[in-house]
Amino acid sequence: MPLWNGHAVSVPGNGHIRREIPCQDASGLWFAPRPCLIVCDGRGSAKLSHLGARAGVKAFRSQCAVMEKRLANLLDTRRCDSKGWLHFCQLMIRTVCQQKIELAEEYDCPESEFDFTIAFAVWGQRRIGFFQVGDGALVIRRNGECQVVFLPDKGEFENQTRFLHPGDDLKRKFHAVMMNAAGVTGLAASSDGPEYLMFELQTMKPGPIFTQMFADLEAGQFTRQSALDYLTGSRWSRDPRGNDDRSLAILSFMEEKQ
């Protein structure tokens, strides 16, 4: 039987703390009915994007629970149905964007005021499904090696990226893929806030911190407080973008020892 360990945390950046702006990131991680994780990063120039990011996380969890039977067919069976995963992601976009539309009606403002990027992963017995829009990062650890699943969507200028909008499901403005789960012992998602210290920026290769965190998770030595301490430590004063919010969701898998 598998053993799971993981945590999801989001913290405000120094600039947001000084200006008393809410943390515009949101994250989540669950073990049942199957392991999954998500990070949403609200658009910095949108005053209500924190509400959109939170709604995105909530909608993702609800949709995964409702569609568990479909996820089991996609991720646990021998048959690999890539079009099925694409369809699941399109349904997820519609579900999440409906939350943005309802928020826009509630607050009587444009839907774009609730913009956020999104990155999530859903773990199955045979395959793992990944989805991303924007400049977050999804990390997979396979046979002890860490790598990103997709390169972030970066614009021509700094802090420019793509956000999730209604209609993206039909325009295929997203990244989606399923990967073989064999040899995978860890998954992680992050917003772009921590990337300066957690990745090699030119290649987006995950830095040694991921290897250390996965090892500590497997040893039972990495707690939620450990994640909070890392994301709020003095190290971020060396980050030229340390004013940005920071999110990390990280999950480790182990075979139970007999």
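The values are calculated or read from the model by the stated rules, or taken from the named source; none is laboratory data. Model, not experiment: these values are computed from the prediction. Glycine also receives a Cβ, built like all others from the backbone with ideal geometry; neighbour counts cover every protein chain displayed.
Among the residues of segment 245-258, write down those that are at pLDDT 90 or above and more than 20 Å from residue 148 (Cα to Cα). Spell out the reasoning first.
First, pick out the residues of segment 245-258 that are at pLDDT 90 or above: 245-252.
Across segment 245-258, the qualifying residue is only 245.
Which residues, taken from segment 1-49, are crowded, with 24+ Cβ neighbours inside 10 Å and assigned to a helix (DSSP H, G or I)? 49 - this is the single residue of segment 1-49 that is crowded, with 24+ Cβ neighbours inside 10 Å and assigned to a helix (DSSP H, G or I).
Considering segment 23-59, and only residues there that are touching a helix residue (DSSP H, G or I) at 6+ places or on another chain (Cβ under 7 Å) and free of Cβ contacts under 8 Å to residues at least 40 places away in the same chain, the residue that is farthest from residue 189 (Cα to Cα) turns out to be 33. Among the conditions (1) small (Gly, Ala, Ser); (2) touching a strand residue (DSSP E or B) at 6+ places or on another chain (Cβ under 8 Å); (3) closer than 26 Å to residue 92 by Cβ, residue 167 misses just one, which is (2).
The residue that is modelled with the lowest pLDDT, among those in segment 163-199 that are charged (D, E, K, R) and either in a loop (DSSP other than H, G, I, E, B) or more than 22 Å from residue 11 (Cα to Cα) (or both), is 172. Considered as a group, the residues in segment 176-213 that are out of contact with any strand residue (DSSP E or B) (no Cβ under 8 Å at 6 or more places or on another chain) and polar (S, T, N, Q) include one that is surrounded by the most Cβ atoms within 10 Å (Cβ to Cβ), and that residue is 212. A single member of 133, 96 is surrounded by 16 or more Cβ atoms within 10 Å (Cβ to Cβ), touching a helix residue (DSSP H, G or I) at 6+ places or on another chain (Cβ under 6 Å) and either modelled with pLDDT of 95 or more or aromatic (Phe, Trp, Tyr) (or both), and it is 96. For segment 136-151, a residue qualifies if it is under 24 Å from residue 194 (Cα atoms), out of contact with any strand residue (DSSP E or B) (no Cβ under 6 Å at 6 or more places or on another chain) and in a loop (DSSP other than H, G, I, E, B), and the qualifying residues are 144, 151.
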